[in-house]
Amino acid sequence: MLHITDLVVRYGSAVALDGVSLEVGRGEMVALVGPNGAGKSTLINTVSGMLEPASGSVVVEGTVAQVPEGRQMFPDMSVEDNLLLGGWSIRNRQLDEVFDLLPDLAGMRRRKAGRLSGGQQQMVAIGRALMARPDLLAIDELSLGLAPIVVDELAEHLRYLNAERGTAVLLVEQEVTLAFRLCARACVLEAGRVVVTGPSSELAESDAVRKAYFGDLAELADVEVSR
Amino acid sequence: MSEFITYLVTGIALGSSFALIGSGFVVVHRVTRVVNFAQGSLAVLGAMLSASLLAGRLPHVVGEMVTVVVCGLVGVLVGVVAIGKRGTPPLISLIVTLGVSMLFSAAIIWLWGQDPVSPPGLDGFTTILGAEVERQRLLVLVVTLVAFAGLSLFFSRTYLGKALTASASNPFAARLVGIDVRRMGLVAFGLSGVLGGLAGVLVAPSNALSFYSDLPMALGGFAAAVFGGLVSPLRTLVGGLGLGVAGQLTAGYLNGSYQTEVALLLMMVIMIARSRSFAHEEAK
Ligand SMILES: Nc1ncnc2c1ncn2[C@@H]1O[C@H](COP(=O)(O)OP(=O)(O)OP(=O)(O)O)[C@@H](O)[C@H]1O
Ligand SMILES: [Mg+2]
């Protein structure tokens, strides 16, 4: 349902994406991983239409909604208003559906979004995106700055959403373990190019990915053992 | 004593017009971060247009309403010129609005001449606490209070109002949820035109306005808006009323020609005080 072909995106003269191709099928969950500055956010922002491609194409069959990097709340507005504005593009003012999927939100609907914890804000950001009834949810950094317990809960919500509604997910995630656990397929981006795409289980085994992305963890593990 | 009451009430009425114009500054700045210096010109346009329409036998209320609507549309046009080009920095837009206000002065001289104009308003006086007060001045106060109440309901209760607030609060996120931030800016400019026009229509029957009234009106309104930090309509109302009263008391007990200086002085004091509190907030 998402077809990206030979996508090039520039910031002025700097090339952020250099010929990226990627497919996401209907109801599929795909992880997008890569080091800092690889172009993950740029890709997500182009998919959601915030950035214009310099060349190549992005075709979406259906609607996209984005959970942006840094969560991007309307801080002085209530959770309820944040959610309502999420439905602006389709004039959707029904909160019930989102409260069914994310029941915690109902309890904080009157609170100011800026006063919430990071995990709560992330939930609001997901709820706000869901208000647009998207066929594809593009999430930029699900776990960044959040406690593991909170991340697990959010991941569970995503899995449920995907299973129940068939919403496709494109997930940018620094925690490769989490990304590969959640998404059956993954794409590794580096310096604006796709290094490798394939089933997460195979990528997790591949030497290149292990070295580049599990390197730190492996070292940490060694330290633990040697102690 | 009755003298004091008279100064107080006329001050409040004059302050209401500062507050109305100030609220125009606030609405535009909240949504676009632009300071719209064509705000005073819209008040003058409102005065001129309503005088012509009423002289052309449009009945009261209808004439004023038409004027306010036209001012709203002109406000949108100002917006198109000031923020129509994508990515125009707010400071550049400010300069553009200054240019637009000069064009306005020229157009107003061309269309209406240089003489001050005072459309008919409410006749007669009402006695409040022993002081005689023009009915028109009371009308200004009442309409201002209604306008502010409407404005605050609009921003806090309506979907469009929330989208306007969202555009100001986080333009990136607003764009993300599909809000056309530039169009919201134009809505804000239109609203500021309505508020400016309203101020002109209401003030001119008591204080004749001419092409060069735009600057004093804009300055008073801007001072009120600065008191509201350029974002708070409620504090703009308080600031405008305070400014009007201070000005009238100065004019009454000291010297009428000091009025503008008082406004400027107050504005400077507020700005200095506020810049302190800004620094304080940033340090936190
Ligand atoms: N607004 C911008 N202007 C100029 N260059 C930018 C801009 N945003 C990103 N870049 C550059 O484009 C490249 C890709 O950035 P991007 O934010 O897409 O990476 P990322 O993979 O999301 O990184 P991170 O993991 O740090 O979020 C980087 O080299 C970055 O410096
Ligand atoms: Mg990023």
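The values are calculated or read from the model by the stated rules, or taken from the named source; none is laboratory data. As the structure is a computational prediction, the values presented were derived from the model and not from experiment. Cβ sites come from the backbone with ideal geometry, for glycine too, and all protein chains shown count toward neighbours. When the accessible area is computed, the model is the full protein with side chains, heavy atoms only, and any ligands, DNA or RNA have been set aside. Shrake-Rupley method; radii C 1.70, N 1.55, O 1.52, S 1.80 Å.
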**Request:** Among the residues of region A:124-147, count how many are open to solvent by 10 Å² or more (accessible area, probe 1.4 Å) and in a helix (DSSP H, G or I).
**Result:** 1
**Asked** Out of all the residues in region B:168-191, is one or more outside any helix (DSSP H, G or I), out of contact with any strand residue (DSSP E or B) (no Cβ under 8 Å at 6 or more places or on another chain) and closer than 19 Å to B:Gly79 by Cα?
**Response** yes
**Message:** Kindly evaluate B:Thr165 against the criterion of being among the polar types (S, T, N, Q), within 21 Å of the chain's Cα centre (by Cα), within 14 Å of chain A (Cβ to nearest Cβ) and open to solvent by 20 Å² or more (accessible area, probe 1.4 Å).
**Reply:** yes
**Request:** Could you run through region A:171-196 and say how many residues are within 16 Å of ligand 1 (Cβ to nearest atom) and touching a residue at least 40 places away in the same chain (Cβ under 8 Å)?
**Result:** 16
**Message:** Which condition from (1) open to solvent by less than 10 Å² (accessible area, probe 1.4 Å); (2) in contact with a helix residue (DSSP H, G or I) (Cβ under 6 Å, 6 or more places away or on another chain) is the one that A:Gln72 breaks?
**Reply:** (1)
**Message:** Cβ-Cβ under 8 Å, sequence separation 6+ or interchain: first residue in region A:154-170 and more than 9 Å from A:Leu182 (Cβ to Cβ), partner open to solvent by 40 Å² or more (accessible area, probe 1.4 Å) and among the charged types (D, E, K, R). Which pairs?
**Reply:** A:Gly166/A:Arg26; A:Thr167/A:Asp135; A:Ala168/A:Arg26; A:Ala168/A:Glu28; A:Ala168/A:Asp135
**Message:** Being of a type in the set (Ser, Thr, Tyr) and outside any helix (DSSP H, G or I) is the filter here; which residues of region B:115-157 pass it?
**Reply:** B:Ser118, B:Thr126, B:Thr127
**Request:** Check every one of the helices (runs of 4 or more DSSP H) wholly within region A:1-106 and list those with 2 or more residues that are more than 16 Å from ligand 2 (Cβ to nearest atom).
**Result:** A:79-86, A:96-101
